[in-house]
Amino acid sequence: MGETRGRSYETLRSMGVKSPLQIDRYYITSINFVDVLRIVYDRPKDSFLPSSRVYKFPRVTEKAGTKDSVPTTHPTLLAALDELKKILDTKSSKASIAAEIIAEIELLEEDISIRSECLKALANKLPSADC
């Protein structure tokens with residue numbers, strides 16, 4: 001947990017993302033040599049902050065040998081995607097761990113319930129002590 005807080009996510013912060021840990025998902029589309037990144041946040045219902053933000057990155061042209069230039073993805077977008085992937089991987093691993101813990105607790109509760117019923121049945125079979 002502390003490891004996630006310690007990360008600075010420099011690229012996202014330089015883009016104006018102030019709450020990287022509230023990011024829920026993202027989408028990428030391309031329109032006319034412009035890559036569009038849409039970041040969707042997980043915000044409370046009464047929040048005044050935007051639920052999503054859109055960023056546009058023009059394609060960068062690089063020379064392919066001695067021939068024509070080839071459009072490639074903007075380096076800032078690549079760095080942002082790397083940071084977004086790290087954020088979402090961390091969240092999904094935490095979510096899967098939480099789901100696994102809850103499943104184990106449910107199995108434990110079921111086991112305790114079955115065992116207590118068996119013990120009650122055994123206790124009822126004991127003869128009453130009339131002295």
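Quick note: the coordinates plus some simple rules give every number you see, no bench work behind them. Worth saying up front: this structure is predicted, and the values here are computed from it rather than measured. Cβ atoms come from the backbone with ideal geometry, glycine included; neighbour counts cover every protein chain shown.
A few points about this structure:
- Helix 75-125 axis, angle to the chain major axis (alpha carbon atoms, nearest 10°): 10 degrees
- Close Lys pairs in region 2-89 (alpha-carbon distance under 26 Å; sequence gap of 8 or more, or different chains): 8.
- Given the chain, longest segment not containing exposed loop trypsin sites (Lys or Arg not before Pro) (DSSP; at most 15 other Cβ within 10 Å): 68-131
- Sequence-distant contacts, meaning Cα pairs under 8 Å at least 6 residues apart, place the relative contact order of the chain at 17 percent.
- In this calculation the C-beta distance from V70 to I97 is compared with R0 = 35 Å, giving a FRET efficiency of 0.25.
- With contributions of -39500 (n - 2.57) from each DSSP H run of at least four residues, the per-residue ellipticity at 222 nm computed over the chain stands at -16000 deg cm²/dmol.
- Projected label distance in nm at E10 and E117, using a 7 Å step from Cα toward the beta-carbon: 6.0 nm
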